Structures are given as structure tokens and as C-alpha cells.
Amino acid sequence: MDRNDFFIVRSPLSLNIGQFKGIDGFVSHTWSETATRIIVDEKNYCVESTLGFDVGVFDENGYCYSSIYQEILNSNVNIFQQFYNQLNENLLFPDYYTALAFLQYHKAKEEEGFDVEWTKILRIYRINNVLD
């Protein structure tokens, strides 16, 4: 994955977190009122247009899962709550290394027997703003 410009369409239930710029939702190649336009790649450094880093599963042809959205912002289970204060204004991790620390903690919690989502296939994604 190099440079991919996508619209992430969110469900009506997820629109209450308007600041969130991550990958949770459905991929579309056209704009809608519930869509956020972002560029997604797997690079580990920031550039001027970087909004932050998300951890999840990104399927450019379908549904995308964000661990930040599902397990930090919208979970009743508090095992990841310590990471909430590390999110930036876009509700993403501010740098790759914070996202990596979360991913390592996520894997450790799974090994301890906690019921966490998708650990074996989670990846770190850099989210960039679209510069028109």
C-alpha cells in the first residue's frame, strides 16, 4: 500500500465522535455526507499532512476496523483506557511509536486471556489529510 485516497463512510451511530479521523467504517471511492476523506498508508513517519496513526484492519474494498474507535473510544471494557489521554485532536495516536506501544500492549492483553479483537491481524496505519 503506497498512497491511497479513500472516503471512510461512518454509520449514523458513529457520527457522534466527529473528531475521529481513523479508519473505522466502510470504504467508498465517492463522497457522501457521512464520509471522511483520508489517505491511508503504512509508513511509520509523519509528514505535514499526517493526522495521526490508527491501529486496526484496513480493507480498501470493504469494511475497516479501528482498534482506537472500538476499544478505546467506544468500549465498556477499560483495559485500554490509559491510551485515551495519548490521542491527539483527531482521536488518533500522534506518532508511530505510541501506536506501536498500544499494539504491543494489545497483544500482551490477549496473551493474558483478555477478549480483545483481531490481535493477530492488526496493523498500524498512517492517516494523512487530503491536500487538494
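The values are calculated or read from the model by the stated rules, or taken from the named source; none is laboratory data. Just so you know, these numbers come straight off a predicted model, no measurement behind them. Positions of Cβ are backbone-derived with ideal geometry, glycine not excepted, and every protein chain shown enters the neighbour counts. We work out accessible area using only protein heavy atoms, side chains counted, and drop any ligands, DNA or RNA first. Shrake-Rupley method; radii C 1.70, N 1.55, O 1.52, S 1.80 Å.
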Calc'd 3J(HN,Hα), segment 28-41, phi into Karplus 6.51 cos²θ - 1.76 cosθ + 1.60 (θ = phi - 60°), Hz, glycine/Pro = x, comes to 9, 9, 10, 6, 8, 5, 9, 9, 10, 8, 9, 10, 10, 8
Listed by chain and number, the residues whose amide H is under 5 Å from that of Gly22, excluding neighbours fewer than 5 places away on the same chain and using placed H, are none
Amide H contacts under 5 Å for Lys43, restricted to residues at least 5 apart in sequence or on another chain and with H modeled in the peptide plane, are Arg126
With all protein chains present, the chain has a carbon and sulfur share of its accessible area (1.4 Å probe) in percent of 48
Residue-normalised 222 nm signal for the chain, counting each DSSP H run of n ≥ 4 as -39,500 (n - 2.57), nearest 500 deg cm²/dmol, is -4000 deg cm²/dmol
The chain, Gaussian network, Cα under 10 Å: of Asn88, Asn78, Asn44, the residue fluctuating most is Asn78
The answer for Asn4, listing residues at least 5 apart or on another chain whose modeled amide H is closer than 5 Å to its amide H, is Val40
In degrees, nearest 10, the alpha-carbon axis of helix 96-111 is tilted away from the dominant principal axis of the alpha carbons of the chain by 40
Heavy-atom accessible area per residue of the chain, all protein chains kept, 1.4 Å probe, expressed in Å², is 55
The answer for GluC sites (Glu not before Pro) in segment 93-125 that fall in a DSSP coil and have at most 16 neighbouring Cβ atoms within 10 Å is Glu112, Glu117
Mean-square fluctuation maximum in Gaussian network of the chain, Cα pairs under 10 Å, restricted to Tyr65, Tyr105, Tyr96, hits Tyr105
With x for Gly and Pro, the residue-by-residue ³J(HN,Hα) of segment 50-63, computed from phi through the Karplus equation 6.51 cos²θ - 1.76 cosθ + 1.60 at θ = phi - 60° and given in whole Hz, is 5, 8, x, 10, 10, 10, x, 10, 10, 10, 5, 10, x, 7
